[in-house]
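Single-structure report; data block below.
The values are calculated or read from the model by the stated rules, or taken from the named source; none is laboratory data. Just so it is clear, the structure is predicted and the values come from calculations on it, not from any experiment. No Cβ is skipped: glycine too gets one built from the backbone with ideal geometry, and neighbour counts run over all protein chains shown.
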Amino acid sequence: MNGTMDALKITDLTAVPWTNPNDVPSVYCNNASVAIAPWDIRILFSEILTTSNAGELAIVLRANVTMNPAHAKALAGALASSVEAYEENFGKITVPNVAVPNTDGQIPAEAQREL
């Protein structure tokens, strides 16, 4: 078989070495919004900050990740498993009522300017 078909047979991705040739930075986020389109799903990772202007809040876009729906579903499963394992090891995670992400499937107007 050719190299492409052989690569598709790999199921244990933990055996594949990681590389970062473009020096992709690590970012912190404490907020995420999800936008959907017929062909893909976009996750906007951002950070909510307090400004020096009388404590007003600002949301700074840190990363924009677009993926196909199948990959998004696989990611959702991986996240669910990771959260479950985290809670088993460290205790239940509680989400404050104020930390509700945008889930209406639309990109916030402010973020559209950033894209």
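Figures for the structure shown
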item: Residue check for Val27: closer than 26 Å to Val95 by Cβ, touching a residue at least 24 places away in the same chain (Cβ under 8 Å) and in a loop (DSSP other than H, G, I, E, B); result: yes
item: Answer from Val27, Val60, Val65, Val34 - the residue that is over 18 Å from Leu79 (Cα atoms), modelled with pLDDT of 90 or more, of a type in the set (Val, Ile, Thr) and surrounded by 10 or more Cβ atoms within 10 Å (Cβ to Cβ); result: Val60
